[in-house]
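K.L.:
Handing you this structure, nothing more for now.
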Amino acid sequence: MKLIVAIVRPERLEPVKEALGEVEVFRMTVSDVQALVEPPAPGGQPRLEPRVRLEIAVNEAFVEPTIGAIVRAGRQPEHPRPDDGHILVFPLFDAVRIRTGERGPEAI
């Protein structure tokens, strides 16, 4: 199991959700955050900009499809930019579904 954390531009949230649905990933947590981004020109100051954080717990078979969907839908289609976002993948040691008490991959 893995925990995938993606930081994307707010305007890319709907396309990312649609792309995730196409690879059968429907459960996620979405938060509004601010990210410190690179200055637009050399010598400029970094600045905070709004971003969206997605947290998605997946079983091993869904790791690469999830990453691929986020990359495809998360970048700016006309001109990809350095601040389009990031994806982080963490090991997930356990998961528990509160309603049923299921644990591990069955709980995701």
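K.L.:
Give, in nm to one decimal, the length gained when the segment between R103 and L3 is fully stretched (0.36 nm per residue of separation minus the Cα-Cα distance).
P.N.:
Values: separation 100, 0.36 × 100 = 36.00 nm, distance 1.51 nm.
Between R103 and L3, full extension yields an extra 34.5 nm.
K.L.:
Would you compute the Debye intensity of the chain from its alpha-carbon atoms alone, equal scatterers and no solvent, and pass along log10 I(q)/I(0) at q = 0.23 Å⁻¹ to two decimals?
P.N.:
-1.24
K.L.:
Each residue of region 51-64 in order: what ³J(HN,Hα) in whole Hz does its phi give by Karplus 6.51 cos²θ - 1.76 cosθ + 1.60, θ = phi - 60°, with x for Gly and Pro?
P.N.:
My calculation for region 51-64 gives 9, 10, 10, 10, 10, 9, 8, 9, 7, 3, 5, 9, 4, 5 Hz in order.
K.L.:
Highest mean first, what order results for 58-67, 37-46 on Cβ atoms within 10 Å? Mind dumping the intermediate values first?
P.N.:
Details: 58-67: 16.0, 37-46: 8.7.
Order by mean packing, descending: 58-67, 37-46.
K.L.:
Report the label-to-label distance for Q45 and V63 in nanometres (one decimal), using points 7 Å from each Cα along the Cα→Cβ vector.
P.N.:
4.1 nm
Quick note: the coordinates plus some simple rules give every number you see, no bench work behind them. If you're wondering where the values come from, they're calculated on a predicted model, not measured in any experiment. When we count neighbours, we look across all protein chains shown, and the Cβ atoms used for this are built from the backbone with ideal geometry, even at glycine.
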